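J.: Okay, here's the structure, questions in a sec.
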Amino acid sequence: AADSISSRHLTTKVPVMFVLMEFSQQCDSAGVRCHLNWRPRDANQEADRITKNNFSDFSLEHRVDVSWSELGLSVLPSLLRFANFQSTLEDFKSASADVAATSSRIHFVKSQWG
């Protein structure tokens, strides 16, 4: 499963690899071994609808309310902070490159003779 997720090049907003890393850490801490298999999107329509915020396949009476603070995440918060830092750094580098590109051009003003 990790290879399958890695091959997707982390194109999602919250990279799936981060979630896999947290899940692996939680399993390891609990002494649980888990074998994951990737299911193609068309083989799991319910999950596809959930990603589109369509919960019509599920009963509200079975919903479990939970907050992030209750989950006891150990790896994910640090990874998300790092991802945010990397994104900010890339934005800064891009802005700096734009400034450098425009300021490095020397503009000569022709003087009038005579």
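The values are calculated or read from the model by the stated rules, or taken from the named source; none is laboratory data. Remember, it's a predicted structure, so these values are computed and weren't measured experimentally. Cβ: placed from backbone, ideal geometry, glycine included. Neighbour counts: every protein chain shown.
J.: Quick check: anything in region 55-64 touching an Asp or Glu at 6+ places or on another chain (Cβ under 9 Å) and either surrounded by 12 or more Cβ atoms within 10 Å (Cβ to Cβ) or among the basic types (Lys, Arg) (or both)?
T.: yes
J.: Okay, moving on. Would you please name the residue that is modelled with the lowest pLDDT, looking only at residues in region 30-83 that are in a loop (DSSP other than H, G, I, E, B) and among the aromatic types (Phe, Trp, Tyr)?
T.: Looking at residues that are in a loop (DSSP other than H, G, I, E, B) and among the aromatic types (Phe, Trp, Tyr), I get TRP38.
J.: If ALA97 satisfies every condition in (1) under 21 Å from the mean Cα position of the chain (by Cα); (2) modelled with pLDDT under 80 but one, which is the exception?
T.: Going through (1) under 21 Å from the mean Cα position of the chain (by Cα); (2) modelled with pLDDT under 80 one by one, ALA97 breaks only (1).
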